[in-house]
Amino acid sequence: MTKKYKVHELAKDFDIEVVDVIEKEEGASPTQKEMKTIIENIKENDVCGIFIEPDYSNKLATTIANESNVNVYTLDSITGGEGNLEDYEDKMR
């Protein structure tokens, strides 16, 4: 379960199955019906956690996690920042 599509590429690299996405478009929160479906998907697929990126609010992910009895984890895809070598190296540490 992820909040953003950027995490999908990272998940593929580490053979992590993505069951659903909370925010399908930038800034677009799911409807009540979509929230219900997301929570059902989590429960039906024995999802271990919701992964979010550090640059985004975890409020929605936390709400869904509480309803689903799973944890929220921060996963930095290292796609932001100044774009210089030092910034990349700092994030890798």
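The values are calculated or read from the model by the stated rules, or taken from the named source; none is laboratory data. Since this is a predicted model, take the numbers as computed values, not measurements. Cβ coordinates were reconstructed from backbone atoms using ideal geometry, including for glycine residues, and neighbour counts include every protein chain displayed. Quick note on the areas: whole protein, heavy atoms, side chains included, nothing else; ligands and nucleic acids left out. Shrake-Rupley method; radii C 1.70, N 1.55, O 1.52, S 1.80 Å.
State all residues of segment 18-45 that are modelled with pLDDT under 85 and either part of a helix (DSSP H, G or I) or open to solvent by 100 Å² or more (accessible area, probe 1.4 Å) (or both); if no residue qualifies, say none.
Scanning segment 18-45 gives GLU25, GLU26.
Condition (residue is modelled with pLDDT of 80 or more, of a type outside the set (A, V, I, L, M, F, W, C) and not in a helix (DSSP H, G or I)) applied to segment 76-86: is it met by at least one residue?
No, there is no match, as no residue in segment 76-86 is modelled with pLDDT of 80 or more, of a type outside the set (A, V, I, L, M, F, W, C) and not in a helix (DSSP H, G or I).
Would you check which residues across segment 58-67 are out of contact with any strand residue (DSSP E or B) (no Cβ under 8 Å at 6 or more places or on another chain) and open to solvent by less than 80 Å² (accessible area, probe 1.4 Å) and list them?
LEU60, THR63
Out of segment 46-57, which residues are open to solvent by 80 Å² or more (accessible area, probe 1.4 Å) and on the phi < 0 side of the Ramachandran plot?
Within segment 46-57, CYS48, ASP55 qualify.
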